[in-house]
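Working notes, structure below.
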């Protein structure tokens, strides 16, 4: 299997390629540049399809090239976080007021956005894990058993074949809601009034200011995804190629699992890795939110006492100061490997995962 962190810039675009099976996690870039568009159009061979598209959240820099991806490659399934009506309406209006049309359309009706050939699977927030069930008794489901408009629990194991699983986690950050309300209040904005699209359009400049003032923007949900081997089935070797490895070009690793974080917070990975199976298999973690210090848990690496490969996607010269120097220093101080993935083609990061 090839795991690719694509050089898209200030955004996110990651893929995993098995024989006759392709998976994508997010596809977007802040400036929607022509170079990024060409990258997406040429990311797969013309006859290939995408079997699973995971969407972490709906910010433009993570989704604004999904339409391009969809136009060039059939997408069989889209798995995304379930957001309930009250929060969904507010997000829709905020995106609409900021002219984030891709975000608005995807959030409003992914079924319409993708069409009838794509099955839409919703992952419930993790706080609802005791409120429903999926059609299995062990928290797992075969990929071909997923059906359109199905809602599955957070932490459901999706089995691809006898060897590999994906586990999506819909992390709902309740504390973020209070931060959002406080930030809106400081700008004389009312949270409940965001349900009114006219109110949002009238106050769009203030809403945009609040949106960017928040450390993690307005996201209240983020879909984390673990990708890794089925427990104790086989032994794997991961070979990494990247120009930014200091002193060597090829790095062999023996933990093929990866956790994708979107714009979430690294502290959530601590909870995910309470699972011993995941902890023992994870060697790669996508640094959340382009390396923002607000989304980084500075105690995480020291507490885990193991070397991780930590790719971070960001655009050169971005106005946000991503990645934070404190994040880079923390990674290096704790003997992990910082992998910068920018818009430069030579920064592409590929892990070649082989079965011994």
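Go through 352, 344, 334, 304 for me and flag whichever is closer than 24 Å to residue 238 by Cα, surrounded by fewer than 21 Cβ atoms within 10 Å (Cβ to Cβ) and touching a helix residue (DSSP H, G or I) at 6+ places or on another chain (Cβ under 7 Å).
334 is the lone residue from the list that is closer than 24 Å to residue 238 by Cα, surrounded by fewer than 21 Cβ atoms within 10 Å (Cβ to Cβ) and touching a helix residue (DSSP H, G or I) at 6+ places or on another chain (Cβ under 7 Å).
If residue 61 passes every condition in (1) more than 21 Å from residue 98 (Cα to Cα); (2) buried (at least 20 other Cβ atoms within 10 Å of the Cβ) but one, which one does it miss?
Status for residue 61: all satisfied but (1).
Kindly indicate which of 269, 230, 287 is surrounded by fewer than 20 Cβ atoms within 10 Å (Cβ to Cβ) and at pLDDT 75 or above.
230
What helices (runs of 4 or more DSSP H) completely inside the stretch 32-83 contain at least 2 residues that are without any contact (Cβ under 8 Å) to a residue 12 or more places away in the chain?
34-41
Answer with yes or no whether residue 171 is in contact with a helix residue (DSSP H, G or I) (Cβ under 6 Å, 6 or more places away or on another chain), surrounded by 13 or more Cβ atoms within 10 Å (Cβ to Cβ) and at pLDDT below 95.
Yes: the conditions hold for residue 171.
Which of the numbered conditions does residue 219 fail, given that it passes all the others? Conditions: (1) at pLDDT 75 or above; (2) surrounded by 13 or more Cβ atoms within 10 Å (Cβ to Cβ); (3) touching a helix residue (DSSP H, G or I) at 6+ places or on another chain (Cβ under 8 Å).
(1)
Look through 187, 179, 194 and report the one residue that is farther than 22 Å from residue 55 by Cα, buried (at least 21 other Cβ atoms within 10 Å of the Cβ) and touching a residue at least 12 places away in the same chain (Cβ under 8 Å).
Only one candidate passes the filter, namely 194.
Looking at 152, 165, 158 in this structure, which one is in contact with a helix residue (DSSP H, G or I) (Cβ under 7 Å, 6 or more places away or on another chain), at pLDDT 95 or above and either farther than 18 Å from residue 221 by Cβ or surrounded by 17 or more Cβ atoms within 10 Å (Cβ to Cβ) (or both)?
158 is the lone residue from the list that is in contact with a helix residue (DSSP H, G or I) (Cβ under 7 Å, 6 or more places away or on another chain), at pLDDT 95 or above and either farther than 18 Å from residue 221 by Cβ or surrounded by 17 or more Cβ atoms within 10 Å (Cβ to Cβ) (or both).
If we keep just the residues of the stretch 70-99 that are closer than 20 Å to residue 31 by Cα and buried (at least 21 other Cβ atoms within 10 Å of the Cβ), which is farthest from the chain's Cα centre (by Cα)? Outline the logic, then answer.
So in the stretch 70-99, the residues closer than 20 Å to residue 31 by Cα come out as 70-71, 94-99.
Of the ones still in play, those that are also buried (at least 21 other Cβ atoms within 10 Å of the Cβ) are 94-95, 97.
On the way: 94: 21, 95: 19, 97: 24 Å.
Ranking the qualifying residues of the stretch 70-99, first place goes to 97.
Considering only the stretch 17-31, state which residues are in a strand (DSSP E or B) and surrounded by fewer than 23 Cβ atoms within 10 Å (Cβ to Cβ).
17, 18, 21, 22
Could you pull out the residue among 126, 59, 102 that is farther than 23 Å from residue 167 by Cα and either modelled with pLDDT under 90 or within 20 Å of the chain's Cα centre (by Cα) (or both)?
Only one candidate qualifies: 102.
Only one of these conditions is not met by residue 203: (1) modelled with pLDDT of 90 or more; (2) in contact with a strand residue (DSSP E or B) (Cβ under 9 Å, 6 or more places away or on another chain). Which number is it?
Of the numbered conditions (1) modelled with pLDDT of 90 or more; (2) in contact with a strand residue (DSSP E or B) (Cβ under 9 Å, 6 or more places away or on another chain), the odd one out for residue 203 is (2).
The values are calculated or read from the model by the stated rules, or taken from the named source; none is laboratory data. What you see is a predicted model; the values in this text were computed from it and never measured. Ideal geometry is used to build each Cβ from the backbone, glycine not excepted, and the neighbour counts take in all protein chains shown.
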